[in-house]
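Here's the structure, in structure tokens; my notes come after.
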Amino acid sequence: MRELVESALKDALDQLLLLDSFILAMDVNERSISHRLASYLEPHFPDWNVDCEYNRNHDDPKRLNIRRRSIQSDDAQATTVFPDIIIHRRGTDDNFVVIEMKKTSSQETDDYDLEKLNAFKAQLGYQFAIFVKVVTGGTPAIELVKWL
């Protein structure tokens, strides 16, 4: 299965760089970039739903026991989360892939996104968690793809 996801992600990232270099060079909002990547992933997963910022776990808000971004303590609490991209089956526990994206122009560290991805796997049963960092504001490129 990992080979299928790797191949689909590589193809989708190639399409993002080729077809959406303008929005990457213009350093547009991360949500816009995530949406474009999700649209390129969707044809690879016809039996799954590919959603951006989908915050539902059945009927309830999707929550993880992680620290809040704005709180500096290590206290863990149930925090509502909005994953950048997920591949899942809506209304079920079939959670396949979760992707967090970050632009190189972001002032935030990668730590929180990586913590979230680990929690998605441990707490919500996602099979694959992937961190993608894209170069924006200059020559578009993929800086990092990290599998957790």
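No lab work stands behind these numbers, since they all come straight from the coordinates. Just so it is clear, the model here is predicted, and its values are computed rather than measured. We place every Cβ from the backbone using ideal geometry, glycine too, and count neighbours over all the protein chains shown.
Modelled label-to-label distance, E143 and Q123, 7 Å Cα→beta-carbon offset: nm?
The two pseudo-label positions are separated by 2.6 nm.
For the pair L18/L114, report the inter-label distance in nm, with labels modelled 7 Å from Cα in the Cβ direction.
My value for the distance between the label points is 3.2 nm.
Sum -39500 (n - 2.57) across every DSSP H segment of at least 4 residues in the chain, then divide by the residue count to get the 222 nm mean residue ellipticity, nearest 500.
-10500 deg cm²/dmol
Output ³J(HN,Hα) for the stretch 3-19: one whole-Hz value per residue in order, computed from phi by the Karplus curve 6.51 cos²θ - 1.76 cosθ + 1.60 with θ = phi - 60°, and x for Gly and Pro.
Using θ = phi - 60°, the values come out as 4, 4, 5, 4, 5, 5, 5, 4, 4, 5, 5, 4, 5, 4, 5, 6, 8 Hz.
Treating only the Cβ of Lys, Arg, Asp and Glu as charged (+1, +1, -1, -1), what charge dipole size does the chain show about its Cα centre? Round to the nearest 20 debye.
So the dipole magnitude of the chain works out to roughly 180 debye.
How would the stretch 13-55 be classified by its alpha-carbon gyration tensor: rounded, prolate or oblate, with rounded meaning a/c under 1.5 and the a/b versus b/c comparison settling the rest?
The shape class here is oblate.
For the chain, what value does the Rg/Rh ratio take when both radii are computed over Cα atoms and Rh is the Kirkwood radius, given to two decimals? It would help to have the intermediate numbers written out before the result.
Working: Rg = 14.9 Å, Rh = 15.6 Å.
So for the chain, dividing Rg by the Kirkwood Rh gives 0.95.
Rank S39, V135, L117 by how far each Cα sits towards the positive end of the charge dipole of the chain (+1 on Lys, Arg Cβ; -1 on Asp, Glu Cβ) and give me just the farthest.
Towards the positive end, the residue furthest out is L117.
Fewest Cβ neighbours within 10 Å first, please rank M101, M1 accordingly.
In increasing order of surrounding Cβ atoms, one gets M1, M101.
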